1. Looking for whichever is farther than 23 Å from B:V72 by Cβ and within 13 Å of chain A (Cβ to nearest Cβ) here; the options are B:E6, B:E12. Which one fits?
2. If you go through segment B:359-382 one residue at a time, how many are touching a strand residue (DSSP E or B) at 6+ places or on another chain (Cβ under 8 Å) and aliphatic (A, V, I, L, M)?
3. Exposed (fewer than 14 other Cβ atoms within 10 Å of the Cβ), among the hydrophobic types (A, V, I, L, M, F, W, C) and within 14 Å of chain B (Cβ to nearest Cβ), is that true of A:I184?
4. Tell me, which residue of segment B:15-59 that is more than 14 Å from chain A (Cβ to nearest Cβ) and assigned to a strand (DSSP E or B) is surrounded by the most Cβ atoms within 10 Å (Cβ to Cβ)?
5. Is there any pair with a first residue in segment B:354-376 that is closer than 14 Å to B:T402 by Cβ and a second that is part of a helix (DSSP H, G or I) and among the polar types (S, T, N, Q) whose Cβ atoms are under 7 Å apart and which are 6 or more apart or on different chains, and what are they?
6. Taking into account only those residues within segment A:10-36 that are surrounded by fewer than 11 Cβ atoms within 10 Å (Cβ to Cβ) and polar (S, T, N, Q), which is nearest to the chain's Cα centre (by Cα)?
7. Being closer than 30 Å to B:E264 by Cβ, in a strand (DSSP E or B), acidic (D, E) and within 14 Å of chain B (Cβ to nearest Cβ) is the requirement here; does A:E179 meet it?
8. When you scan segment B:112-121, do you find a residue that is β-branched (V, I, T), within 14 Å of chain A (Cβ to nearest Cβ) and in a loop (DSSP other than H, G, I, E, B), even just one?
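The values are calculated or read from the model by the stated rules, or taken from the named source; none is laboratory data. From a predicted model like this one, the values you see are computed outputs, not experimental measurements. Positions of Cβ are generated from backbone atoms using ideal geometry, with glycine treated the same way; all protein chains shown enter the neighbour counts.
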Amino acid sequence: MSKAILSILGQDRRGIIAAVSKVLYEQNCNIENVSQTTLQFVFAGVFIISMPGDLSPESLDQRLKAELGPLGLDVHITMLESITAPVSPPQSESYVITTKGPDRKGLVAGISEVIARFDGNITNLQAVFKGGEDPGDNIMIYEVDVPPRTDQQALYRELKKRAAELKLDINIQHRNIFEAIHRI
Amino acid sequence: MLTQREILSTLEMLQNEHLDVRTVTLGVNLLDCAGHDIEKLKNRIHTRISHFAGNLVAACNHIGQKYGIPVVNKRIAVSPISAVGAAMSSSQLVDVAQVLDEVAAEVDVDFIGGFTALVEKGIARGDMALIEAIPHALANTDRVCASVNVASTKAGINMDAVLLMGKAIKQAAHLTAKDDGIACAKLCVFANIPQDIPFMAGAYLGIGEADAVINVGVSGPGVVKNAIDRALESDSDLDLGQISDVIKKTAYKVTRVGELIGREVADHLNIRFGVVDLSLAPTPNVGDSVGEIFQSLGLLSIGVPGTTAALALLNDAVKKGGAFASSRVGGLSGAFIPVSEDLNISEAARKGYIGLEKLEALTAVCSVGLDMIALPGDTTEETIAAVIADEMSIGVINNKTTAARLIPVPGKKAGDNAYFGGLLGQSTIIPVNNGDNPNSFVRRGGLIPAPIQSLTN
């Protein structure tokens, strides 16, 4: 038994998950994790699967492409042995960083550079840029794990400074506030 | 994973709907500071409050920044000074008030409450000294707040104390005449006062409380108004039961914010967490008004027929949402209707939509009482006492908290404008029926007996 990551990309349409899972079932593969999203009109799905010993990645790739190619979907398989899981997840505090402001190039690069410099790990990023100057049309939401050794005041300061340079309104809040308000 | 909607709706509440933690109030028990030596008493009070409150403001600012929620006011509530300073004279208690004011300034809190006496059944020596000290104590200090509980459902109404408070209010107004009688804005007369109110001017630390406790007051009338507006925008046919549900869900969210912040501040200071008090407490800012909620509910203005029913619905829904959100809900928890502090209510008073009689009716269903009401300067102490007595009776008979915070504005008459500034706002002075004539009813004194608890019709 071996593990692989399967990524599927293409124009969104009905039946994509059904088509992928049908091939996996027929090839005796087991889906361990799956996550999918739709960005504008593009479907993106990532599957972690376990494969039987007698199935090669090339063979699975062929079967998937045969089934999904006609649907206009790209398929990519990576064996999981080449990716190492962290020994144990480091302790961290989870923050949500939200920005609004006029659209321009380099917004994600600018904010994520500061987060990376302070050892923050972006666990989720949602960004919508409709373009234009209306701040409400251009929103970035980062969920970030910040290790305890990070100087949080310095991180706050640098993020606010960078946001000001990019003409963004920025809010930095501990994740628990959203959990408290919206989850029972 | 949080949804985009959850995150953006939270930001909307904070940035455009004035959601904030209105106050983190540190309760400090001073009972074991008591003694006969005034200097020792003052030193002990100073040391005790400094010990517990030294890091209060820094902790609140730190936690506020962490969650992106401003803690607007940091306050202290102490044990009733009438008990702590029971052996002192009235002039010595004015000195105690000044120590409270000094230490409040040193630890940088906005207000310190607890210049308080509990006299619903009788007036002890220390209580009398404190009531006599109130006018000068409030006029000589900036941050000290006073409260006197003159009635309860179990004890009835102490009419001797009611008359004394009428006098104290008049004198406090006189001593601060150049500021429109602002000392009265720091003085509340109560029936059934809770022991854990974080809001001023009624905050004090009850006799049954621990050495120190953190109580939190959250507000958010703007959040409730916007939630109602949004709900009606998406379905204009909502009935009042459905609107009540919208308010309950909103109150739940606001209460959760308060409990999160309160518990974390308490942990940070290693002090036990007390209660979260969700009270729709307006400020004189546009969009932070309780009065505007009535317009969202379909009334022309607060004060017109239908207002009492609407307030009953609002107050009840707020309490229910808060009670579901936390098992530590306390204080007043409901809707305040302070006239001068709410731009919309103040405007309703100016236009004549609301007067003293309707405000009194509303207090039967709101969470506090006649609050921040500017009265003509020639209103007699007897009339003020009579207004207080009326208000206390509503609380006593209905087994609820009621309070009166009345300001007879020296030298001004009905229709004039009184200006208090800051969060206290400004208001048109409201006429009082027969306000400058004698009222011998309140001079009879004695105790109006506690009400019967059966045959409640």
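1. Details: B:E12 fails: farther than 23 Å from B:V72 by Cβ.
One residue alone meets the criteria, B:E6.
2. Residues flagged as touching a strand residue (DSSP E or B) at 6+ places or on another chain (Cβ under 8 Å) and aliphatic (A, V, I, L, M) within segment B:359-382 amount to 7.
3. Details: exposed (fewer than 14 other Cβ atoms within 10 Å of the Cβ): yes; among the hydrophobic types (A, V, I, L, M, F, W, C): yes; within 14 Å of chain B (Cβ to nearest Cβ): yes.
So A:I184 passes the test.
4. Filtering first and then ranking leaves B:T25.
5. Close Cβ pairs satisfying both conditions: B:A361/B:T308; B:L362/B:T307; B:L362/B:T308; B:A364/B:N398; B:V365/B:T308; B:V365/B:N315; B:C366/B:N315; B:S367/B:N315.
6. Keep residues of segment A:10-36 that are surrounded by fewer than 11 Cβ atoms within 10 Å (Cβ to Cβ), which gives A:14-15, A:18, A:26, A:33, A:35.
When the remaining residues are screened for being polar (S, T, N, Q), the result is A:33, A:35.
Details: A:N33: 14, A:S35: 9 Å.
The extreme case among them is A:S35.
7. Values: closer than 30 Å to B:E264 by Cβ: yes; in a strand (DSSP E or B): no; acidic (D, E): yes; within 14 Å of chain B (Cβ to nearest Cβ): yes.
In short, no.
8. Looking only at segment B:112-121, we keep the residues that are β-branched (V, I, T), and these are B:112, B:116, B:119.
Narrowing further to those that are within 14 Å of chain A (Cβ to nearest Cβ): none.
No: segment B:112-121 contains no residue that is β-branched (V, I, T), within 14 Å of chain A (Cβ to nearest Cβ) and in a loop (DSSP other than H, G, I, E, B).
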